[in-house]
Every structure is written in structure tokens, then in C-alpha cells.
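Right, one structure below, let's go through it.
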Amino acid sequence: MLDKVIQIKSDELSQLEQVAATGFLLAFGLRFGYPHYLLNRFPKDWVEIYERERLAFGDPVASWVISQTHAIRWSELKAPDPRNVMRRAAQHGLVYGATFVSQYDRRRSFLSVARADREITDHEMQMLDGMLDRWTRAYSETATSLTAEELAALDLIGQGAKQSEAAAQLNISLSSLKNRLESAQRKLGARNTINAIAIAVRRELI
């Protein structure tokens, strides 16, 4: 699924996994607190607790991600933790960690990494920060790779036009319209046209 969003080199993913010995969370297209794509490799038992109890509300890392665009070790966070999220996370192996936030062309991404044995080194911080910047740029460029014709087709269908009506408004054949919609779906990694429209809206493409 990740390769439908961006292409990440295998050696970069390997380096990420080596640093994030306990796991990592990678998100692209963050908007209104929700990402377009999320890859969560943190321990499953912790993820289940976090989601079930909605710990994002009160999580100092989540609060920091929304307001910042740089990197920080979790031990350096000054935000309050009224729900003891960090202490509880540590019980599941997320003892030391860091979070990185990058933004390019209004598209925001973030990466959180964790391990149980030591702090993330300065070298690792710089390496992961650079990786996320490259990935965010790649994600943004992928998001804007749709042609004006494909965007117009998505926009008309999103406004409620039937395919035959949209084709008539664009002065193209029905088969040409379907080709544009299918091409947009592939580029966006969408399941169908409705999903493609939803993704395009979230990315502020239409």
C-alpha cells in the first residue's frame, strides 16, 4: 500500500527500521488532524489501547505534531501529559523516541520512531529528518501529478454529475471520461471514483 503513495527506497526503509527498533508511525497528507495515509508499525497491543481510549486527545506528541514543523526527541517535549500517555507508552517498549514534522506545498507529513534501549542519536535525528523531507516532497509531487483534465472529471462527478453529464460538459466521449477517472484513481491509489474524489478533496486538489 505504501508504494501507492510514494516510492521509498528499500535501504531507507531498512535504516528507518533499524533506528525505530520498537516501531514507527509514518503519516502523509495531514489535514485537520487526520492524515491521508498512515502506516503504524508500533506494537499492536499499544496501538489497540491508544485507539480504544482515544489517547490522541491529550497526547503531547500529537499536540506537538499539529503545531510544529521540525524534529524533537520525546524527552525534550514540554507539553503537559494529563493522561500519562508517555508513561503508558513506555510500558510497551516506547521508552525513547523522536518525532519529525515536514511540510511542502501545504502538505504536511510526520514520522515518529521509538525504541526501548537508548535515545535517538544526533546522526539518526539528522538522517530521519532528511528522509522525511524527501518523502514529503515526493508525496506532494505525486499529489499534484494529476492532469487538469483528470481533475476536471473528478470535480464534476464530485459535484453530483452523472458520467454521461460530465462527459457532455467536458465535450468528450463517455469512454474518454472513464479513462480519465480510472487514471486519476491509479495516481491517487484510490479504490474507486468515490474514494478518488474524497482523496482529492482532502489534498485540496478539487
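Run down SER112, SER75 and say which single residue is out of contact with any His (no Cβ under 6 Å at 6 or more places or on another chain), modelled with pLDDT of 95 or more, more than 18 Å from ALA56 (Cβ to Cβ) and not in a loop (DSSP other than H, G, I, E, B). Sole residue among the options that is out of contact with any His (no Cβ under 6 Å at 6 or more places or on another chain), modelled with pLDDT of 95 or more, more than 18 Å from ALA56 (Cβ to Cβ) and not in a loop (DSSP other than H, G, I, E, B): SER75.
Comparison of ILE172, ILE206 shows that the only residue that is in a loop (DSSP other than H, G, I, E, B), among the β-branched types (Val, Ile, Thr), farther than 21 Å from ALA138 by Cβ and at pLDDT below 90 is ILE206. Apart from one condition, ILE49 fits all of (1) at positive phi; (2) surrounded by 14 or more Cβ atoms within 10 Å (Cβ to Cβ); the exception is (1).
Mind listing just one residue for me: the one in region 20-45 that is of a type in the set (Ser, Thr, Tyr) and surrounded by 15 or more Cβ atoms within 10 Å (Cβ to Cβ) and, of those, nearest to ALA62 (Cα to Cα)? Spell out the reasoning first.
Taking region 20-45 first, the residues of a type in the set (Ser, Thr, Tyr) are 22, 34, 37.
So of that shortlist, the ones also surrounded by 15 or more Cβ atoms within 10 Å (Cβ to Cβ) come out as 22, 37.
Details: THR22: 18, TYR37: 16 Å.
It comes out as TYR37.
Among the residues of region 77-108 satisfying the criterion of being touching a helix residue (DSSP H, G or I) at 6+ places or on another chain (Cβ under 9 Å) and of a type in the set (D, E, K, R), which is surrounded by the fewest Cβ atoms within 10 Å (Cβ to Cβ)? Checked region 77-108; the qualifying residue surrounded by the fewest Cβ atoms within 10 Å (Cβ to Cβ) is LYS78.
Can you confirm whether region 130-146 contains a residue that is over 19 Å from the mean Cα position of the chain (by Cα) and either surrounded by fewer than 16 Cβ atoms within 10 Å (Cβ to Cβ) or not in a helix (DSSP H, G or I) (or both)? There is no residue in region 130-146 that is over 19 Å from the mean Cα position of the chain (by Cα) and either surrounded by fewer than 16 Cβ atoms within 10 Å (Cβ to Cβ) or not in a helix (DSSP H, G or I) (or both). So in region 124-179, with the set limited to residues that are in contact (Cβ under 8 Å) with a residue 12 or more places away in the chain and basic (Lys, Arg), which one is nearest to LEU30 (Cα to Cα)? Here the answer is ARG137.
Given (1) modelled with pLDDT of 95 or more; (2) within 22 Å of the chain's Cα centre (by Cα), where does LEU151 come up short, assuming only one miss? That leaves (1) as the condition not met. Going by the structure shown, is ASP129 over 25 Å from TYR37 (Cβ atoms), of a type in the set (Asp, Glu) and assigned by TED's automatic domain parsing to the domain that holds GLU17? So ASP129 fails the test. Listed by first and then second residue, the pairs with beta-carbon distance under 7 Å, at least 6 apart or on different chains, first residue in region 39-67 and assigned by TED's automatic domain parsing to the domain that holds GLY29 and in a helix (DSSP H, G or I), second of a type in the set (Gly, Ala, Ser) and modelled with pLDDT of 95 or more, are TRP46/ALA89; VAL61/SER112. Residue count for region 148-181 satisfying the condition of being under 20 Å from ARG202 (Cβ atoms) and of a type in the set (Asp, Glu): 2. Residues considered: ALA79, ALA71, ALA62. Of these, the only one that is closer than 29 Å to VAL201 by Cα and touching a Phe, Trp or Tyr at 6+ places or on another chain (Cβ under 7 Å) is ALA71. If you go through region 115-129 and pick out every residue that is charged (D, E, K, R) and either surrounded by 18 or more Cβ atoms within 10 Å (Cβ to Cβ) or in a helix (DSSP H, G or I) (or both), you end up with 4.
The condition of being over 16 Å from the mean Cα position of the chain (by Cα) and within 17 Å of LEU30 (Cβ to Cβ) holds for ILE72.
The values are calculated or read from the model by the stated rules, or taken from the named source; none is laboratory data. Every value quoted in this text rests on a predicted model; they were computed, and no experiment measured them. Cβ: placed from backbone, ideal geometry, glycine included. Neighbour counts: every protein chain shown.
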